[in-house]
Structure formats: C-alpha cells, structure tokens
Amino acid sequence: NQGSEERARSNRVYIAAPYTNPDPVYNTHRAIYAGERVTNSTGCLVFIPHISLLWHLLTPTHALSKDHWYWWRIEWLKTCGNLIRLPGPSVGADKEVKYAEANQIKVFSGDSDDTAIEAFVSTKRAT
C-alpha cells in the first residue's frame, strides 16, 4: 500500500555528516549521538552511515572503494523520507543532500548539531 510506505519513509531518518574530517571515530560518535537523540525524541528509525567504521576496522585489508561506499549510502538514503545534515565540510554528505533535494527527501540542517537535530524533531512534535 502506497500510503503505508509513505508513512514508513516519513519515520525514517538518514544522518548525513562528515566522516573523515577531522577524524572518523570522532565523527562516528557525533553521528551516533545525533541518531540516538532523534530516536529517543521521536521514535523514528535512524540510519547512520558512519556505522561502516566497524566494517573498516574488521576488514582493513579488504577495503571497499569510495565509489562503493557512496553507492551504499545512497541506496540506504532512498529508503528514508528525511535527512539531517550535521555541519562540517564533507563531499559525501553534500552528495547525499543533493540527492535528497532532487528526490523529495526532506533535508534538515542548522549551524550546530543541536539546531540540525531540533529542526527535524520540532516537525515531529507538531504532528
């Protein structure tokens, strides 16, 4: 049913944020913390692409290409109705925002992690 799929997508949130700059571990912590705040505040299902850090740690000699990771992230983004863009320079997160804007996925951002998260959370309080 198209209506139920739209409702499901509206409750899925993609966290887009820097990964490598300044540090993958720091940025993964940031993204997971943001996702946890969103889930705890709204009950929404959150996808955090930074979880690929664990994949990198477990299989460093079998590293996949950047193109693979861009593809992987966009495939997950396609299942979401919302994207929260945490601040900071990131080619990958900028590509994700561009994809979202071109595909009717709502984008929420701000000058800080808190304002980006709140931009989304406030829409859920209104419903």
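Scanning region 41-60 for residues that are surrounded by 11 or more Cβ atoms within 10 Å (Cβ to Cβ) and in a helix (DSSP H, G or I) gives S41, T42, P49, H50, I51, S52, L53, W55, H56. For region 1-31, the set of residues classified as under 22 Å from G88 (Cα atoms) and open to solvent by 70 Å² or more (accessible area, probe 1.4 Å) consists of T20, N21, P22, V25, Y26, H29, listed by residue number. In the set (1) surrounded by 15 or more Cβ atoms within 10 Å (Cβ to Cβ); (2) in contact with a Lys or Arg (Cβ under 9 Å, 6 or more places away or on another chain); (3) in a helix (DSSP H, G or I), F108 fails one condition alone, (3). Here the condition is being modelled with pLDDT under 95 and in a helix (DSSP H, G or I); of W71, W76, it holds for W71 alone.
Could you pull out the residue among E36, E75, E96 that is open to solvent by less than 30 Å² (accessible area, probe 1.4 Å) and among the acidic types (D, E)?
Selected residue: E96, the only one of E36, E75, E96 that is open to solvent by less than 30 Å² (accessible area, probe 1.4 Å) and among the acidic types (D, E).
The values are calculated or read from the model by the stated rules, or taken from the named source; none is laboratory data. Source: prediction; values computed, not measured. Positions of Cβ are backbone-derived with ideal geometry, glycine not excepted, and every protein chain shown enters the neighbour counts. Just so you know, the surface numbers come from the protein's heavy atoms only, side chains and all, with ligands and any DNA or RNA stripped out. Shrake-Rupley method; radii C 1.70, N 1.55, O 1.52, S 1.80 Å.
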